[in-house]
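> Quick one: the structure is below, and I'll ask about it shortly.
The values are calculated or read from the model by the stated rules, or taken from the named source; none is laboratory data. Small disclaimer: the values here were computed from a predicted structure and weren't measured. Glycine gets a Cβ as well: all are built from the backbone with ideal geometry, and neighbour counts include every protein chain shown. In case anyone asks, the SASA skips ligands and DNA or RNA and just uses the protein heavy atoms, side chains included. Shrake-Rupley method; radii C 1.70, N 1.55, O 1.52, S 1.80 Å.
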Amino acid sequence: MMIMQHYLIVWTFPTVEGAWESCQGFTDYINSGCPGDSFEGFELKYRVCEPISGSGVAIAAATDIGKVWAHLGPWIKGYGIQFEVTAVVTDAEFAAQWPSVLAVASEQ
């Protein structure tokens with residue numbers, strides 16, 4: 001069983017023009033079934049965008065940051081999108097991890 005880490009992905013376009021120029025490519029990607037959203041070691045769970053500002057947010061699960069990079073690479077290269085990627089935990093993961101975090105913190 002692969003261990004998957006969740007990642008919060010936030011993106012912005014450096015220019016409004018760049019955001020506009022990406023619209024057809026993104027539409028084509030969506031209409032083709034989002035082929036890069038799921039592959040070995042990577043699954044995009046959720047994506048929302050705010051098209052007026054050229055920004056958006058996604059949640060992905062991946063075995064490592066390299067898988068996230070592989071997913072984002074074509075968008076970086078093709079459209080110059082800027083991404084911020086942060087490892088995050090689900091509510092269930094938070095609750096499961098808290099006892100051991102508290103135990104270590106209490107030892108200090």
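> Taking only pairs six or more apart or across chains, which ones have beta-carbon atoms under 7 Å, a first residue in segment 49-64 that is within 15 Å of residue 15 (Cβ to Cβ), and a second residue that is of a type outside the set (Asp, Glu) and part of a loop (DSSP other than H, G, I, E, B)?
Going by the 7 Å Cβ cut-off, the qualifying pairs are 54/13.
> For residue 19, indicate whether it is exposed (fewer than 15 other Cβ atoms within 10 Å of the Cβ), outside any strand (DSSP E or B) and aliphatic (A, V, I, L, M).
No.
> Right, next: Please specify each residue of segment 26-52 satisfying the condition of being open to solvent by 70 Å² or more (accessible area, probe 1.4 Å) and either outside any strand (DSSP E or B) or among the hydroxyl-bearing types (Ser, Thr, Tyr) (or both).
28, 30, 31, 32, 35, 38, 40, 46, 51, 52
> Same structure, new question: Return yes or no: is residue 95 modelled with pLDDT of 95 or more and within 24 Å of residue 25 (Cα to Cα)?
Considered against the rule, which asks whether it is modelled with pLDDT of 95 or more and within 24 Å of residue 25 (Cα to Cα), residue 95 comes out as no.
> From the set of residues in segment 59-103 that are β-branched (Val, Ile, Thr) and part of a helix (DSSP H, G or I), which is nearest to residue 39 (Cα to Cα)?
Restricting to residues being β-branched (Val, Ile, Thr) and part of a helix (DSSP H, G or I), the top hit is 68.
> What's the total number of residues in segment 53-99 that are of a type in the set (Gly, Ala, Ser) and open to solvent by 70 Å² or more (accessible area, probe 1.4 Å)?
Final tally of qualifying residues: 2.
> Of the residues in segment 1-10, how many are over 9 Å from the mean Cα position of the chain (by Cα), open to solvent by less than 90 Å² (accessible area, probe 1.4 Å) and in contact (Cβ under 8 Å) with a residue 60 or more places away in the chain?
The number of residues fulfilling the criteria is 1.
> Let me ask something else about it. Only one of (1) under 13 Å from residue 6 (Cβ atoms); (2) modelled with pLDDT under 95; (3) not hydroxyl-bearing (Ser, Thr, Tyr) is not met by residue 19, so which one is it?
Unmet for residue 19, out of (1) under 13 Å from residue 6 (Cβ atoms); (2) modelled with pLDDT under 95; (3) not hydroxyl-bearing (Ser, Thr, Tyr): (1).
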